[in-house]
Every structure is written in structure tokens, then in C-alpha cells.
Amino acid sequence: MAFRIVPAESRDVGHVLGMIEALADYEKLRHLCVATEARLSEALFGASPAAEVVLGWEDARPVAFALFFHNFSTFLGRKGLYLEDLFVHPAYRRRGYGTALLVHLARIAVERGCGRFEWAVLDWNTSAAAFYESLGASVLPDWRITRVTGAALERLAARSGFDAG
């Protein structure tokens with residue numbers, strides 16, 4: 001089987017959405033998945049793309065994807081590469097495709113002068129954490145992701161801020 005990794009193009013948005021939905025199903029978070037082809041098309045391929053996607057193809061079938069973007073480390077004073085999602089369809093796992101995607105992104109990070117390449121892993125996904133550690137990644141024990149969404153985000157944005165003037 002021939003496996004290749006290529007940047008997603010606008011015509012691939014349906015494949016990207018399908019991968020996102022399959023990931024949401026795997027993580028038992030489908031109820032939170034409200035992405036649409038139109039929203040993804042604008043976010044990924046519009047005038048000001050927010051992220052990039054690479055697709056992993058086995059022959060003519062898209063079987064894996066990785067969605068990533070640049071962040072910034074103030075301590076390093078350099079940009080980084082943040083992997084938002086990586087997914088390999090279960091029927092195509094254990095073929096080295098996840099490793100290939102991570103190597104591909106690590107090379108992008110190095111080529112772009114990034115100071116680090118990072119991502120999050122769900123605490124219950126111990127097999128993924130072990131896989132990442134086998135590649136040299138560190139699962140940081142002291143950090144927790146903090147998030148504000150939906151109505152809570154609207155309430156926070158509506159609060160009056162401190163006026164230092």
C-alpha cells in the first residue's frame with residue numbers, strides 16, 4: 001500500500017470534516033462537533049487561514065489527517081507549531097501512519113524555525129500518551145488546559161474591564 005502525506009486543498013474539505021467527525025466519535029465528543037464544510041472552508045482556505053491540514057492517503061483513500069497552526073512561546077521568543085488534532089481511521093492504525101504524520105509535522109516545525117512542537121492528549125487516552133512518549137514527547141504533568149466557550153465566553157466578554165485611566 002502506498003501512503004503519502006499532502007497538504008489539504010479546498011476540494012478536500014469534505015474529507016477533513018469526515019475525519020473531524022470520526023475523531024469526535026472516537027473521543028465520545030460528537031455532541032460538541034458543530035463544524036460544517038462551509039465553516040471549515042473559510043477557516044482553512046479563506047482569505048486569512050487560521051490553520052493548516054495535511055491528509056494521509058493510502059492509495060486513493062484519505063485515511064488520516066493532522067490539523068495544526070502556529071502559536072508563540074514568550075519564554076523562547078519564537079513561534080511554535082501546535083497540533084490541534086491527529087487522527088488515523090482505526091482500520092488503518094498500526095501501519096506507521098501516525099508516526100509518519102508526526103515526523104512530517106516535526107520537519108515542518110524545524111523548517112519554519114519553530115522553537116517547539118506541542119499538542120494535548122486526553123488523560124484517558126493512555127495508549128496515545130505512551131505512543132507520543134515513545135517518539136520522545138513529554139506529557140507535561142503540571143499543565144491543564146483552560147477554556148471559555150459559548151455563553152461563558154459571551155459573559156466574560158461583556159464584563160466591564162478595569163479602567164486604569
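Check 45, 69 and return the single one that is without any contact (Cβ under 8 Å) to a residue 40 or more places away in the chain and either closer than 16 Å to residue 112 by Cβ or touching a Lys or Arg at 6+ places or on another chain (Cβ under 9 Å) (or both).
Working: 45 fails: either closer than 16 Å to residue 112 by Cβ or touching a Lys or Arg at 6+ places or on another chain (Cβ under 9 Å) (or both).
None of the other options fit; the residue is 69.
Taking residue 14 as the residue in question, decide whether it is surrounded by fewer than 16 Cβ atoms within 10 Å (Cβ to Cβ), at pLDDT 95 or above, of a type outside the set (A, V, I, L, M, F, W, C) and closer than 25 Å to residue 137 by Cβ.
Values: surrounded by fewer than 16 Cβ atoms within 10 Å (Cβ to Cβ): yes; at pLDDT 95 or above: yes; of a type outside the set (A, V, I, L, M, F, W, C): yes; closer than 25 Å to residue 137 by Cβ: no.
When the stated conditions are applied, residue 14 does not pass them.
Does residue 97 fit the bill of being surrounded by 12 or more Cβ atoms within 10 Å (Cβ to Cβ), free of Cβ contacts under 8 Å to residues at least 40 places away in the same chain and in contact with a strand residue (DSSP E or B) (Cβ under 7 Å, 6 or more places away or on another chain)?
Working: surrounded by 12 or more Cβ atoms within 10 Å (Cβ to Cβ): yes; free of Cβ contacts under 8 Å to residues at least 40 places away in the same chain: no; in contact with a strand residue (DSSP E or B) (Cβ under 7 Å, 6 or more places away or on another chain): yes.
Answer is no for this residue.
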Item checked: Qualifying positions in the range 58-94 - loosely packed, with under 14 Cβ neighbours inside 10 Å and β-branched (Val, Ile, Thr) -> 74
Check: How many residues does the range 54-94 contain that are out of contact with any strand residue (DSSP E or B) (no Cβ under 7 Å at 6 or more places or on another chain) and polar (S, T, N, Q)?
Finding: 1
Margin query: Cβ-Cβ distance below 6 Å, separation of 6 or more or different chains: which pairs start in the range 4-19 with a residue that is under 21 Å from residue 91 (Cα atoms) and among the basic types (Lys, Arg) and end on one that is assigned to a strand (DSSP E or B) and modelled with pLDDT of 95 or more?
Written below: 4/57
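Counting only residues that are over 25 Å from residue 22 (Cβ atoms) and either more than 16 Å from the chain's Cα centre (by Cα) or modelled with pLDDT of 95 or more (or both), give me the helices (runs of 4 or more DSSP H) lying completely in the range 41-159 with at least 3 of them.
On the way: elements: 97-111, 126-134, 150-158.
In the range 41-159, the matching helices (runs of 4 or more DSSP H) lie at 97-111, 150-158.
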Next item on the list: Provide a single number: the residues in the range 63-81 that are within 11 Å of residue 51 (Cα to Cα) and hydrophobic (A, V, I, L, M, F, W, C).
Entry: 5
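The values are calculated or read from the model by the stated rules, or taken from the named source; none is laboratory data. These numbers were taken from a predicted model, which means no experiment stands behind them. All Cβ positions, even for glycine, are placed from backbone atoms using ideal geometry, and neighbour counts span all protein chains on display.
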